[in-house]
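Trainee: I'd like to ask some things about the structure below.
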Amino acid sequence: MNREMEPLIPVEDLPQHIAIVMDGNGRWAQEHGQPRLIGHSAGVKALRRCVEACVKYGIRYLTVFAFSSENWRRPADEVNGIMALFVQAIQTELAELHRNGVNLRFIGDKQGLPSDVLQAMEEGEQLNVQSNKLTLIIAMNYGGRWDIMQAARQLAEAGLDITEQALAERMATAVCGPDPDLIIRTGGELRISNFLLWQAAYAELYFTERLWPDFSEADLLEALRDYAQRERRFGALSLD
Ligand code: FPP
């Protein structure tokens with residue numbers, strides 16, 4: 001590794017789990033005089049770079065918001081385009097992901113997703129590498145309210161008491177790993193947009209103006225440095 005690129009962040013100050021709202025693909029396309037779908041395509045490339053950087057810095061979990069429950073409100077052409085990109089990206093990147101020790105997981109409401117998308121998701125989750133360095137969790141047709149609702153519904157249907165632990169165990173992310181430590185949103189908006197509402201309870205939030213297709217390893221490092229400076233108290237008092 002180039003010495004100038006070394007993060008110089010103590011391992012214990014790195015987040016285990018990063019979650020990202022990859023916003024700004026549309027504006028990036030507009031700035032480049034291109035159709036919105038070209039922006040999403042550039043977004044997939046940015047995701048690839050980000051996954052590589054996360055593996056390099058020893059991040060264990062990366063959750064990305066690919067398609068929200070609300071994104072169906074976009075024009076059909078854009079929705080279909082994103083779905084096609086998604087299937088294509090899984091098919092072309094899966095072997096390379098596995099070679100790099102990355103396992104794939106998907107969270108979200110499977111109902112309403114086209115069959116080719118469901119099939120790609122199934123194939124993506126089938127094979128798992130033993131040398132798992134990073135788990136990439138892709139939120140597809142996901143909404144934070146949907147997640148809380150489906151967990152509550154599971155408890156109601158099983159006739160179980162609603163406790164914090166029982167709900168937490170049934171959140172879509174529970175099988176993937178710990179709650180996110182750091183949530184990054186690109187594209188300049190200061191919102192959570194129905195992402196991991198329950199899981200974000202104690203996450204550090206980081207917002208950047210950078211449009212997602214331009215988000216680089218240097219930008220990730222900046223976010224990691226910022227995170228390393230934060231004092232996480234989880235509701236307790238500072239010890240010093
Ligand atoms: C937000 O930008 C981005 C999305 C709604 C879709 C993100 C999708 C991808 C990067 C491709 C998904 C594929 C995989 C394999 C995860 P925006 O369109 O809201 O941008 P804008 O705010 O500038 O309009």
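Readers should treat all values here as calculations from the given coordinates under stated rules, not as data from a laboratory. Note that this is a predicted model, so its numbers are computed, not measured. Virtual Cβ from ideal backbone geometry, glycine too; neighbours counted across all protein chains shown.
Trainee: How high is the relative contact order of the stretch 122-240, in percent, counting Cα pairs under 8 Å that sit 6 or more residues apart?
Mentor: Over the stretch 122-240, the number comes to 22 percent.
Trainee: In addition: Excluding residues fewer than 8 places away in the same chain, name every one of the aspartates and glutamates whose C-alpha is closer than 16 Å to that of residue 110.
Mentor: 70, 122, 123, 125, 147
Trainee: May I ask you to evaluate 6.51 cos²θ - 1.76 cosθ + 1.60, the Karplus curve with θ = phi - 60°, for each residue of the stretch 180-193 and list the ³J(HN,Hα) values in order in whole Hz, giving x for glycine and proline?
Mentor: Taking θ as phi minus 60°, the curve returns x, 8, 9, 10, 9, 10, 8, x, x, 7, 9, 9, 9, 6 Hz for the stretch 180-193.
Trainee: Now, a different point. Any chance you could run the full-extension gain for residue 233 through residue 45? It's 0.36 nm times the residue separation minus the Cα-Cα distance, nm to one decimal.
Mentor: Stretched out fully, the residue 233 to residue 45 stretch lengthens by 64.1 nm.
Trainee: Kindly provide the GluC sites (Glu not before Pro) of the stretch 191-225 that DSSP labels as loop, not H, G, I, E or B, and whose Cβ sees at most 10 other Cβ atoms within 10 Å.
Mentor: 209
Trainee: With r as the distance between the Cβ atoms of residue 202 and residue 119 and R0 = 35 Å, compute the FRET efficiency 1/(1 + (r/R0)^6) and round to 0.05.
Mentor: The pair residue 119/residue 202 has a calculated efficiency of 0.45.
Trainee: Further question: Amide H to amide H under 5 Å from residue 63: which residues, 5+ apart in sequence or cross-chain, H placed 1.01 Å off N in plane?
Mentor: Sorted by chain and number, the residues that satisfy this are 18, 19, 20, 137.
Trainee: At R0 = 35 Å, how high is the FRET efficiency between residue 216 and residue 163 if r is their beta carbon distance? Nearest 0.05 is fine.
Mentor: With a Förster radius of 35 Å, E is 0.25.
Trainee: Here's another thing I want to ask about it. Rounded to a whole number, what is D in µm²/s for the chain from Stokes-Einstein with the Kirkwood radius over alpha-carbon pairs (37 °C, 0.692 mPa s)?
Mentor: Approximately 175 µm²/s, per Stokes-Einstein.
Trainee: Separate question: With each label point set 7 Å from Cα along the Cα-Cβ vector, what nm distance links residue 84 and residue 155?
Mentor: My value for the distance between the label points is 4.3 nm.
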